[in-house]
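What follows is one structure encoded as C-alpha cells, with my remarks underneath.
Laboratory data are not the source of any read-out in this text; all were calculated from the coordinates shown. Every value quoted in this text rests on a predicted model; they were computed, and no experiment measured them. Here the Cβ positions follow ideal geometry from the backbone for every residue, glycine too, while neighbour counts run over all protein chains shown.
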Amino acid sequence: MTTIADSLPPSAPATPVRRFALPPILLALGRGFTLVGWAAVVIVNGLYGITAKLGLGPVGDFAVMALAGFLFIALFDGLATLLWKILNFVLPRVHLGRVNDVIQAVPGAMLGRLVGILLMVFGNVLWPESIFQYATLLLPGKLLVMAAAVGGALLFAARVVQRPALRYGLIVLGLLPMIAVPLWLFLPGTDDYLAAAPPVDPAIATLPAANPGLPGDYPVATLTYGSGDNRRRPEFAAEAALITPVVDGSAIFQGYSGLSDSYYRWFNGFGMDNLPLNGLVWYPEGEGPFPLVLIVHGNHAMAEPSDPGYAYLGEHLAGRGMIAVSVDENFLNGFTLDDPDMEEMPLRAWLLLKHLEQWREWNGTAGNPFYGQVDLDRVALIGHSRGGEAVAHAAEMNVRPIGRIGTVSRGSDFGFGIRGVVALAPCDNRYKPAGRPLSLKNTDYLLLASAHDGDMNYLDGVGQYHRASFDDNPDGFKALAYLYRGNHGNFNTVWGDADQGQFESLILNRKPLLSAEEQQQAAKVFITGFLEASLNDRAEYRALFYNPAAARTWLPDDIIVTQYADDSFIPVDTNERGSLSETDVAGGASAAEGMTTWRATGRTLRDGSTTVPNRGLLLEWPARAAPSYSLELPAGAAAEWSLTADDALSFTLAGMMPEGAPGAVAVELETTDGTVVRLPLAQFGPLPPALPVQLTKAEWLAGAPGIEMALATPIERVDQTFDLPLSAFVSANPAFRPQSLSAVRFLFDGQADGQLLIDEIGFRRP
C-alpha cells in the first residue's frame, strides 16, 4: 500500500549545528587566573584593611575590606553572567546564533571576574582621575594579586595537560611567582649604592660641651590631661590627671559632611565644633619654672595614635629640665572617606596655641601641679611631617592673626614666648595664607630631615629654612641637619620604617636605614642641643650645626650634612648680586681661575620642580687644571668689621658631581702686609660626597602609578656649612692679623674633573 508520504520527494539531510568551543587549556588558564585572582583580591584587601586601621579592630577591619574586595569582583561576575544570559536569549532570535555560539564558548562569569580583577589592579592607571583611584589596589597588592593570578592560571592549566614533563613544568612556573613575589616584598632591599663616608681628621677636637643625647639629672614624672570624655583613649578620659575644656575649631576647618561626617563623629565621638585638648606630659621633678616644649605629630591612621611615639624624646627632654608634651591631634589624621587636602593645617597650628593657653592658666592657678612651674617666656614647638609645617604657622599665629585664624582669635590673644621651632621631616607650602608661603620671623628654627625619606621624598622644609629671618632678634639662629640613612617615620616609634603605611611600605628599600634607635639618638642630640641653645642660651651647642665632625662621638655612624646661620653674619659673597666679579661689599672683587663654569645659579630639589629659595655659585673645572676662587676685600674692610681671632670665616659647600666628592679643598687667607696662611679644609671637617638614594626596592617602582615619588634625580644636593675660626690661622702663623685681612682664596684639587657649589661666604661672630 502506497502512502502519501511515500510519494513525496526525499528531504535533504539535516545539517548538524556546530558549537564553537575553546581549547580546554585556555579554559583552565582563564578559570585559574580569575578564581585564584579573586581569592587573592579578597585576602590582599583584607590585609590592607588591618594595616589601614578603620577603627573596627583587626578582625573587623579585615572582614570589611575583604568583603569589599569580594563584592567588587562578584559585581562584575554577576553582571557578565546576566549579560551572557540576555545574549543567549536574544542573538539566536535575530539570526545571530553562530555569533552567540562564539560568545557562549567563553564563560560569562569568568570574563566578568577577569574584568573586575583587572580593574582592581589597573583601574587607577586607566582612569587616574576617577573613582578607581580609590577602588584599586595599592602597588604591593597589585603585585601580589597578579603573582597569585598568573600562578593560579598555570596551576589550573597543569591539570589538563597530559604530558608529565609539561605538567610538572607548569606547576613549577605557577608556584614561582606565588612564592617569589611575596618573598621579595618582605626582603629589606639593597644598599650597594650607598656613598662612603669621608674620613674625619682625628685631630678635630670634640665640642666643649656635654653630650646632649645623654640622660639629664632630673627625675621624670608623667601624667596626662584631656577632655575626660574619650571612648578610645582612656588616658584622656577617666585616667586623665587634669581635665581640659573642648574648643570650637569649625570656623577654621569646617570638617566633613554627609556619610563622612557621620563616620567621623562615630569614630571620634566629637566634631570640629568640640575638639579636645589632650596631651601626654613628661616633666622634671624639682623647682621650676621650666621651659615648655610641645611636640605634635603629622598625618597617620586615626585608629593608631601617633602621640605616644615621642615618649623617648619627651622623657629625655624632661630629664634635662624641660616640660615636654606630646599633643594629641590624631582626630585630624588619615581620614578614610574624605581627604581634607591639607585644609586642616591652620587648625593643627591653632590647637597648639590653645594648648599653650591651657598651660598659662595652670601656671597661674594655685593648687595646680604646674602652678608657677612653667616658664612661658621659654617655649618651643616641635612638629613632625604635617606637624612640622604646622609648628611654623603656630609660631607666626602666636604674634599675628593669619588666614582663617583671624575669625576666632587675635594675635594678641596669645603672645607666648615661643623662642624655637623644630621641624622633623616637614612638608612646606601646603597652607599658603594670602596665597604666599609663610616666612618664619624672629624665631630660632631647626630643620631635621633624612635622605631616605619614603614620604617627604625631597627636602621640602629647606624653603622654610631659607625664608626664616631675624630682623628683630639679633640673637636668633637657624640650623639644619640632614641624616643620610635616616627615614621619615623613625623619628616616631609608632610610625617606624613604614613611611608609606604598613602595607604600601612593602615596596620601600629599608636595608640602608639607620636603626630606629640610631635615628632617635641623632634626634635627641640635635633637638636637645638646639633647645639648649635656644631656650637656655647655651651657645656652645650651636657648633653642632657648623662643626658636626666635632660631635661625631655623639652621633650614629652616618654621613650627616649640617647648615647654620645667624644674624651676626657679615656677608662678603652671597651670590645675590648682578655681577660675578662684584661682591656684597662695595669695592670688593671676585675672580675664578682654571674654571670651565663660573656662574650664579638657582637650584631645584630632587623632585625636579621645587626651587631652593637662594642661589649659589657653581664652579666647574677640568682635570689637570689649577682651579681657584678668590675674593679681594676693599681696603680697611676687615678693620671696619673689627675682625679678631675669635671670629670665623663662614661659607657653605655642596658637591655637585653625580658621584663622589670634588677632591681636596684648601683655604688661603692673605693680609695687607703679604702674610699668607693656607689650611686644608679637612682640618675643620670633611666635605660630604654626593648622596645617592634608592627609595624603593627597584628603581622603576618609584614612578609606578599611585606611588608619589616623582624624583628627577636620586641625589639631593645639600650645602654643608663650614666655620673656620680665624684663631686657627693665627696659630698656623702668629704673624697673621685678622684685622688686616685683604683676600680669601679657595683652592681646589685639579687632578680630576670637579664641580661644586659655594655660597654664603662671610664672617661670623662667636
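In whole Å, what three semi-axes, largest first, describe the equivalent ellipsoid of the stretch 220-566 built from its Cα gyration tensor (square root of 5 times each eigenvalue)?
The three semi-axes for the stretch 220-566 are 28, 24, 21 Å.
Which of the three applies to the stretch 338-462, rounded, prolate or oblate, going by the alpha-carbon gyration tensor with a ≥ b ≥ c and a/c under 1.5 meaning rounded?
In terms of gyration-tensor shape, prolate.
Going toward the positive end of the dipole of the chain, with +1 on Lys and Arg Cβ and -1 on Asp and Glu Cβ, which of VAL247, ILE758, THR696 do you reach last?
It is THR696, whose Cα lies furthest towards the positive end.
In the stretch 570-764, with Lys and Arg counted as +1 and Asp and Glu as -1 at Cβ, which of these residues, ALA645, PHE748, MET657, has the Cα nearest the positive end of the dipole, that is, farthest along it?
Looking along the dipole axis, the top candidate is MET657.
Using unit Cβ charges (K, R positive; D, E negative) and no other charged atoms, how large, in debye to the nearest 20, is the dipole of the stretch 220-566 about its Cα centre?
For the stretch 220-566, the charge dipole is close to 380 debye.
When Lys and Arg each count +1 and Asp and Glu each count -1, what net charge do the other residues less than 15 Å away from GLY228, Cβ to Cβ, add up to?
For residues surrounding GLY228, the net value is -1.
Sorting LYS478, LYS441, LYS432 on the 10 Å Cβ count, fewest up front, what's the list?
In increasing order of surrounding Cβ atoms, one gets LYS432, LYS441, LYS478.
For LYS478, go through the lysines and keep the ones whose alpha-carbon is under 23 Å away, minus same-chain ones fewer than eight residues off.
LYS432, LYS441, LYS524
Could you give the size of the charge dipole of the stretch 570-764 about its Cα centre, using +1 on the Cβ of each K and R and -1 on the Cβ of each D and E, expressed in debye and rounded to the nearest 20?
280 debye
Mind checking the full-extension length gain between ILE86 and THR206? Use 0.36 nm per residue of separation minus the Cα-Cα distance, one decimal, nm.
My answer for the length gained is 34.9 nm.
In the chain, what percentage of the DSSP-assigned beta bridges are antiparallel, given to the nearest 5?
The antiparallel proportion sits near 70 percent.
Below 16 Å, Cα to Cα, which lysines can LYS697 reach? Residues fewer than 8 away in the same chain don't count.
Leaving aside lysines fewer than 8 places away in the same chain, those within reach of LYS697 are LYS142, LYS511.
Could you tell me which helices of the chain pass both thresholds, a Cα extent of 18 Å or more along their own axis and a mean Kyte-Doolittle hydropathy of at least -0.5, with helices taken as whole DSSP H runs?
Taking the DSSP H segments of the chain (at least 18 Å long, mean hydropathy at least -0.5), we get 24-52, 57-90, 108-126, 139-160, 164-186, 516-535.
Between ASP273 and THR713, with labels modelled 7 Å along Cα→Cβ, what's the label distance in nm to one decimal, could you check?
Label at ASP273, label at THR713, 5.3 nm between them.
For Cα Rg over 2.2 N^0.38 Å, one of (i) 0.98; (ii) 1.30; (iii) 1.21 was computed from the structure I shared and the rest are decoys. Which label?
(iii)
Sort VAL125, VAL391, VAL59 so the one with the fewest other Cβ atoms within 10 Å of its own Cβ comes first.
So the ranking, lowest neighbour count to highest, is VAL59, VAL125, VAL391.
Could you size up the charge dipole of the chain around its Cα centre, putting +1 on the beta carbon of Lys and Arg and -1 on that of Asp and Glu, and report it in debye to the nearest 20?
So the dipole magnitude of the chain works out to roughly 3560 debye.
Calculate the length of the line joining the C-alpha centroid of the stretch 453-490 to that of the stretch 47-105, in whole Å.
50 Å
How high is the FRET efficiency from VAL64 to HIS95, r the C-beta distance, R0 45 Å, rounded to 0.05?
E between VAL64 and HIS95, to the nearest 0.05, is 0.40.
At 0.36 nm per residue, and after removing the present C-alpha to C-alpha distance, how many nm does the segment from ILE131 to ALA732 gain when stretched out fully?
Taking 0.36 nm per residue and subtracting the Cα distance, the gain is 209.4 nm.
Can you put ILE73, ILE131 in order, fewest other beta carbons within 10 Å first?
ILE131, ILE73
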